Amino acid sequence: MSRFQMGDMVFAAQDLFNEPLEESGESGIPGVAPGALLTVAGTRGVVVNVGHAQEMPDAEIYLVRFETAASGVLSEPIGCLGEELCEPGKP
């Protein structure tokens, strides 16, 4: 069973950056510069999907929409590994 489920509230356990693709060094997210900060540690988000990458079938990837403003506006989904997320009230 997945550590997190769709609809779970989570927090970024660390600053999350747009890591460049290994093969090309290009951006992993269209329109966002490689290395750009996507969200800071402690930002609240919600899991919107759970899956696996073909290259990493044993690692779950969580699509998370993080808050971008105090008003609760949510970002576009960001793919995160479990170790990049934490539950509310847990480091």
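The values are calculated or read from the model by the stated rules, or taken from the named source; none is laboratory data. All values reported here derive from a predicted model rather than from experimental measurement. Cβ atoms come from the backbone with ideal geometry, glycine included; neighbour counts cover every protein chain shown.
Structure values in brief
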read-out: The one condition in (1) in contact (Cβ under 8 Å) with a residue 12 or more places away in the chain; (2) in contact with a strand residue (DSSP E or B) (Cβ under 8 Å, 6 or more places away or on another chain) that H52 fails to fulfil; value: (1)
read-out: Residue match in the stretch 24-39 (condition: polar (S, T, N, Q), in contact with a helix residue (DSSP H, G or I) (Cβ under 8 Å, 6 or more places away or on another chain) and touching a residue at least 24 places away in the same chain (Cβ under 8 Å)); value: no
read-out: Wholly within the chain, strands (runs of 3 or more DSSP E) carrying at least 2 residues that are surrounded by 11 or more Cβ atoms within 10 Å (Cβ to Cβ), among the aromatic types (F, W, Y) and at pLDDT below 90; value: none
read-out: Residue in the stretch 21-32 that is among the β-branched types (V, I, T) and over 21 Å from G89 (Cβ atoms) present; value: yes
